[in-house]
Amino acid sequence: MQPALEIQNLQKTYASGHRALDGISLTVRQGDFFALLGKNGAGKSTVIGIVSSLVNKSGGTVKLFGQNIDENFAKAKSSLGIVPQEINFSIFETPFQIVVNQGGYFGIPRRTAMERAEQYLTQLKLWDKKDVVSGDLSGGMKRRLMIARALVHRPKLLILDEPTAGVDIEIRRSMWEFLKNINNDGTTIILTTHYLEEAESLCRNIAIIDEGVLIEDTSMRSLLKKLAHETYVLELKAPLKVRPEEIPGFLLLDPMTAEITIDKSVGISKLFETLESANIEVQSMRNKSNRLEQLFLELVENSRQQQIR
């Protein structure tokens, strides 16, 4: 099976001399939910721009489902759906018009485009707004509309560039569920996001770019194994009977909520021993959601230190 996306030695140098990409190579398998992470200016949007033909590359090759974009971009593009960071539809058209018209750009019969517009606007909880002028939609609704528009031609690969930026947590989680469902149905998804818990929750594989260089390309599970420490959030059954500073790695957030950080090599059994010896009764326990963020910062710092050397 051909990869959904195959990038080899991708380079981009702008006229100013700024080198945005320095020989990046990565492969995204069909059916994957793939995270492409990096700080602002790292090169993520440049990669997406090249893949979608909005940015001219300086070197390297890009293939979509085996089709080289330099040789047969029209065919390659038919398999691609893009949700950019910026809202880029006409604010004077309605959601229904925007999605149906997008279908026309891909040669989809109008009746089929109308059926699909209804399907995706309904799934994304926008059908009741189908005839509202799009400029009057909330930010979260506009983000969901862009996803519906990108899907109308049924792309095999969907690229989402910061799709939940500025969206409240309730809408964000409903979008997560929608994306999980279409991925389970076979759509390959590439996600860029600054919400690292989003990447951890959704994605199976991950690549990290820093200053135009690929510093990590692995599975999410393998990446998280590199964490030296693990932080847990504890919901307590009763207020503490000891002083928080007497417990190593313990931080009391409020009278009934705490965090505790342990060396991952020690194991969770040691955590339970620590809690028991301090007479701490725990109602529930979960991983702290920022563990990927901690690892991300460590990887970027290590990469930069190696470049200095």
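The values are calculated or read from the model by the stated rules, or taken from the named source; none is laboratory data. If you're wondering where the values come from, they're calculated on a predicted model, not measured in any experiment. When we count neighbours, we look across all protein chains shown, and the Cβ atoms used for this are built from the backbone with ideal geometry, even at glycine. Side chains are part of the model used for accessible areas, which takes the heavy atoms of the whole protein and leaves out ligands, DNA and RNA. Shrake-Rupley method; radii C 1.70, N 1.55, O 1.52, S 1.80 Å.
Does the range 234-258 hold any residues that are part of a loop (DSSP other than H, G, I, E, B), closer than 17 Å to Phe272 by Cα and either open to solvent by 90 Å² or more (accessible area, probe 1.4 Å) or not β-branched (Val, Ile, Thr) (or both), and which are they? Don't jump to the end; show me each part of the working.
First, pick out the residues of the range 234-258 that are part of a loop (DSSP other than H, G, I, E, B): 237-243, 247-249, 255-256.
When the remaining residues are screened for being closer than 17 Å to Phe272 by Cα, the result is 237-238, 240-242, 247-249.
Across the range 234-258, the qualifying residues are Lys237, Ala238, Leu240, Lys241, Pro248, Gly249.
Which condition from (1) open to solvent by 20 Å² or more (accessible area, probe 1.4 Å); (2) part of a helix (DSSP H, G or I); (3) without any contact (Cβ under 8 Å) to a residue 40 or more places away in the chain is the one that Glu198 breaks?
All conditions pass for Glu198, except number (1).
Kindly indicate whether any position in the range 118-139 is closer than 20 Å to Arg172 by Cβ and touching a Gly at 6+ places or on another chain (Cβ under 7 Å).
yes
Out of all the residues in the range 63-109, which are charged (D, E, K, R) and over 22 Å from Val51 (Cβ atoms)? If you could, list the steps in order and put the result at the bottom.
If we filter the range 63-109 for residues that are charged (D, E, K, R), which is where we start, we get 63, 70-71, 75, 77, 86, 93.
Residue satisfying the conditions is Glu93 alone.
Go through Thr231, Thr188, Thr218 for me and flag whichever is of a type in the set (Val, Ile, Thr), surrounded by fewer than 21 Cβ atoms within 10 Å (Cβ to Cβ) and under 25 Å from Asn40 (Cα atoms).
Checking each option against the conditions leaves just Thr218.
From the residues in the range 70-97 that are assigned to a helix (DSSP H, G or I) and charged (D, E, K, R), which one is most open to solvent (accessible area, probe 1.4 Å)?
Lys75
I'd like to verify a number: residues in the range 180-219 that are out of contact with any strand residue (DSSP E or B) (no Cβ under 6 Å at 6 or more places or on another chain) and modelled with pLDDT of 90 or more, how many?
Result for the range 180-219: 8.
So which of Gly166, Gly140, Gly107 ends up being out of contact with any Pro (no Cβ under 6 Å at 6 or more places or on another chain), over 17 Å from Pro84 (Cβ atoms) and of a type outside the set (D, E, K, R)? Steps first, please.
Numbers: Gly166 fails: over 17 Å from Pro84 (Cβ atoms); Gly140 fails: over 17 Å from Pro84 (Cβ atoms).
Of the residues listed, the single one that is out of contact with any Pro (no Cβ under 6 Å at 6 or more places or on another chain), over 17 Å from Pro84 (Cβ atoms) and of a type outside the set (D, E, K, R) is Gly107.
Listed residues Gln2, Gln11, Gln67; which is of a type in the set (S, T, N, Q), open to solvent by 20 Å² or more (accessible area, probe 1.4 Å) and at pLDDT 95 or above?
From the options Gln2, Gln11, Gln67, the qualifying one is Gln11.
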